[in-house]
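Taking it in order: structure first as C-alpha cells, then the write-up.
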Amino acid sequence: MVLLSLFLIQPALKRTLRRRNRNNPTVQNAIVLYFRVVIVLLAVLVGITVAGYGGLLSESALLISAVALAIGVAAQEVIGSIVSGIALVLDPEFNVGDYIEWADGEGVVQSIALRVTRVETPDGELVTIPNTILTSKELIRPYGRGNSRIIQKIKLAYDDDIADTISHLEAVANDIESILSSPQPAVYIDQLGDDAVIVRVHYWIEDPNRRDIFAVRSAYASAVKHRLENAEITISPPAKRDLQGRISVDRPI
C-alpha cells in the first residue's frame, strides 16, 4: 500500500501541484508531506489489523475517539484553514498573481500557504488573510483573464454641446495606445444631474493588473482634461444654488 502510494499516487499529486502552483513550492512540499503522513498512518492501522491486533484497537476505540475529539476541537480553526488552503490551491480559478476583492479589501495574491493567503493591496501593504475567510465569503475577480472593461464617469456642463463632447471623449480613447480598438470605446449619457450631465465612458484593455488600470485611467483622464480645455468645454461645472431671503446689516452707532 505504501509503495503503491509513493510510486504511483505521489508523483501524480506532485505534477498536479507543480502545474497549479509554480511559484509556491511551500504548498507543494507541505501537501506532499501531509499525504505521506496519512499514507503511513493508514498503513500502520492496516498492519495492526492484519497482524491480529484489531481487537486492541476496538477496545481502545472510545479512548481514541475522545482524544481525536479533543484534538479536533482544539485545532478546529487551524484544521479549517488548512482544508481551505488545500481547496484554494486546487481551485483552477484562484492563482498567485490574480487581483481579487473580498469583503474587507482588495489586492494581488502574492502567495497561498496552507493556513493563510498573502495579498498585496493597492497601497503596497502585505495583508495576511486566513484561508477560511476566502473560502467562506464571496470573492470577486474584477480583472479576469482576457480583455477587461474600464468605466469612467465625467460631469459636463448643460451649456456645452453634448454630442460634440462625446465625440471628443471617444477620440481620446481611440488615441491612447493601451486602449483596445475592438471592442470600440463608447460614451453614454448616464444621468441628468442637478448641475451637470454625467456621462459614462466605456473602454477595454488587454489582460490587465491593478497597476495597468491606474495607469490607463490616469492617462485617459489627463488626455481628456487637456482636450476639453482646448475645446473650451467645461468639466465638472460648479454647483449652482438659488438663495432667497433678506439680509440685514446692523450699523454701529
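Every condition in (1) under 17 Å from I205 (Cβ atoms); (2) open to solvent by 30 Å² or more (accessible area, probe 1.4 Å) is met by K155 except one, and the failing one is (1).
Among the residues of segment 164-194, those that are of a type in the set (D, E, K, R) and either assigned to a loop (DSSP other than H, G, I, E, B) or under 20 Å from R227 (Cα atoms) (or both) comprise D164, E170, D175, E177, D194.
Sub-8 Å Cβ pairs linking a first residue in segment 134-163 that is modelled with pLDDT of 80 or more to a second residue that is charged (D, E, K, R) and in a helix (DSSP H, G or I), at least 6 apart or interchain, are I150/R217; Q152/R217, ordered by first then second residue. Which residue is modelled with the lowest pLDDT, if the candidates are limited to segment 84-107 and must be in contact with a strand residue (DSSP E or B) (Cβ under 9 Å, 6 or more places away or on another chain) and among the acidic types (D, E)? Filtering first and then ranking leaves D98. State whether the residues of segment 166-188 include one that is open to solvent by 30 Å² or more (accessible area, probe 1.4 Å), within 25 Å of V108 (Cβ to Cβ) and hydrophobic (A, V, I, L, M, F, W, C). For segment 166-188, residues open to solvent by 30 Å² or more (accessible area, probe 1.4 Å), within 25 Å of V108 (Cβ to Cβ) and hydrophobic (A, V, I, L, M, F, W, C): present. Would you say Q110 is without any contact (Cβ under 8 Å) to a residue 40 or more places away in the chain and touching a strand residue (DSSP E or B) at 6+ places or on another chain (Cβ under 8 Å)? So Q110 passes the test.
Among residues of segment 80-130 being in a strand (DSSP E or B), of a type outside the set (D, E) and open to solvent by 50 Å² or more (accessible area, probe 1.4 Å), the one that is farthest from F214 (Cα to Cα) is T128. Residues that are of a type in the set (F, W, Y) and within 26 Å of the chain's Cα centre (by Cα) within segment 132-185 comprise just one, Y143.
For every residue, the table says whether it meets (1) of a type outside the set (A, V, I, L, M, F, W, C); (2) surrounded by 11 or more Cβ atoms within 10 Å (Cβ to Cβ); (3) modelled with pLDDT under 90; (4) not in a strand (DSSP E or B).
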| position | (1), (2), (3), (4) |
| --- | --- |
| I198 | no, yes, no, no |
| H202 | yes, yes, no, no |
| I213 | no, yes, yes, yes |
| A219 | no, yes, no, yes |
| K240 | yes, no, yes, yes |
| L243 | no, no, yes, yes |
| R246 | yes, no, yes, yes |
| I253 | no, no, yes, yes |
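The values are calculated or read from the model by the stated rules, or taken from the named source; none is laboratory data. Here the structure is a predicted model, which means the values were calculated and not measured. Ideal geometry is used to build each Cβ from the backbone, glycine not excepted, and the neighbour counts take in all protein chains shown. Ligands, DNA and RNA are excluded from the accessible area calculation, which covers all protein heavy atoms including side chains. Shrake-Rupley method; radii C 1.70, N 1.55, O 1.52, S 1.80 Å.
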